[in-house]
Amino acid sequence: MDEWHVGDPADWGDHVGVPDIPYMGYLQDEEEEQKPNRVSKAHQLRAEAWALRENGQFQDALNVINRALEYSRHWKVLNVKAIILEDMGRYDEALRYYDLALGNTDAQYIKDNKARLLERMAWQDKYSQDYQRALDKLNQALKLTGDEDDRSAFFRTKARILALVGKKRETYICNMLANRQYDKVDEFESQSKVIDCAGNPLVCIAGRNHYGYSAPTEKGAIIDLIKEPNNEHDGDAIRVEFNTKTVGYVANSTYTKIDEAKSASEIWCLFGERTRARILFVFMQDYLIAELL
């Protein structure tokens, strides 16, 4: 009869009532073939180390798992040492032991364990403002994990870091992937192609809900752009009208436009007192995009 050992799936064992729950989020896989009615010394020590870890006795657990490794460098023993080191905040060492374990197995649960550690390390890099290093770790984690809930968490973390470095488009797509809104990802990619291939200058319409009249969002709607050289807030202000009603202004700040769109100051010299533009679409839910005619 096969026996259940520490590090195995909670619902797999010798059919004597092993609880059907994961250990601290670390999902486990099938045990290797064992000699009947015998548990190796390494696995006995592994079980002892796990029990100490569960009790919060991390240093004692580490001492015991090191003894287990003297008997066997089996990947399940290496995995438990990685988990204990991770609990102790010794992330670089934990990462090395996950890699050693994965050098001897392709078990998905160990890949998932490593991926979660990489996300923790990415948060550390975020706090030290090493954003590119954090993003590299999250990309590694996303390649490793097979858990959909983990992928959502990793995409959400990645979106937060991308937002810090001003990557609006990448932030949006990561948030959509985190929420599994794959239809919106497809729409985003289609709109991105239009933006990247636009022949005429593009602008964003800012303040479109603050003037009593809503700017049109239907594709093809024609709007009027009218210069306001005497505007007390912005000498390059360009008012947006639809059917003679003010519906907003051409965005003139990096906070109110996408990088690919021109600001009011950038298009000021392209026309006289007024010109027209055609509405394309609402991009990333916030930016109303129009193309100059």
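Here are a few things to note about the model shown:
- Subtracting the Cα-Cα distance of Arg274 and Cys197 from 0.36 nm times their residue separation leaves 25.2 nm of extension gain.
- Heavy-atom accessible area ranking, 1.4 Å probe, most first, across Leu270, Leu52: Leu270, Leu52
- Placing a label point 7 Å from the Cα of Val185 along the Cα-to-Cβ direction, the residues of region 120-152 with a backbone N closer than 16 Å are 139-152.
- A 1.4 Å probe over all protein chains sorts Thr254, Thr171 by accessible area into Thr254, Thr171, starting with the largest.
- Translational D in µm²/s for region 136-292 (Stokes-Einstein at 25 °C, 0.890 mPa s, Kirkwood Rh from C-alpha pairs): 144 µm²/s
- Cα-based convex hull volume of the chain per residue, rounded to whole Å³: 177 Å³
- Helix 58-71 axis versus longest C-alpha principal axis of the chain: approximately 60°, rounded to the nearest ten.
- Given a 1.4 Å probe and the protein chains as shown, Phe271 ends up with an accessible area of around 30 Å².
- Ignoring lysines fewer than eight residues from Lys219 along the same chain, the ones with Cα atoms less than 29 angstrom from its Cα are Lys167, Lys168, Lys184, Lys193, Lys227, Lys245, Lys257, Lys262.
- Solvent exposure, largest accessible area first (probe 1.4 Å, DNA, RNA and ligands not counted), of Asp136, Asp183: Asp183, Asp136
- For the pair Gln57 and Asn139, the difference between a 0.36 nm per residue extended length and the Cα-Cα distance amounts to 26.2 nm.
- For a straight C-alpha distance cut-off of 22 angstrom, the lysines reachable from Lys41 (same-chain residues fewer than eight places away being disregarded) are Lys76, Lys81.
- Only protein heavy atoms count here; on that basis, with a 1.4 Å probe, Glu119 has an accessible area of about 40 Å².
- Loop-resident sites, region 155-259, for GluC sites (Glu not before Pro), counting at most 15 other Cβ within 10 Å (DSSP): Glu218, Glu232
- Between Ser128 and Thr254, the contour length at 0.36 nm per residue exceeds the alpha carbon distance by 42.8 nm.
- Cα centroid of region 171-239 to Cα centroid of region 125-143, whole Å: 30 Å
- Heavy-atom accessible surface of Arg120, to the nearest 10 Å², is about 100 Å², with a 1.4 Å probe and all protein chains retained.
- For region 170-187, 3J(HN,Hα) per residue [Karplus equation, 6.51 cos²θ - 1.76 cosθ + 1.60, θ = phi - 60°, Hz, x = Gly/Pro]: 5, 4, 4, 5, 5, 5, 5, 5, 4, 8, 6, 8, 5, 5, 6, 5, 4, 5
- Neighbour net charge for Ile222 - beta-carbon separation under 14 angstrom, K R +1, D E -1: +1
- Efficiency of FRET from Cβ geometry, Arg90 and Asp149, R₀ 25 Å, rounded to 0.05: 0.45
The values are calculated or read from the model by the stated rules, or taken from the named source; none is laboratory data. Predicted model, so just to flag it, every value in this text is computed and none were measured. Counting neighbours? That spans all protein chains shown, and the Cβs are built from the backbone with ideal geometry, glycine included. Surface areas here come from the heavy atoms of the whole protein model, side chains and all, with no ligands, DNA or RNA. Shrake-Rupley method; radii C 1.70, N 1.55, O 1.52, S 1.80 Å.
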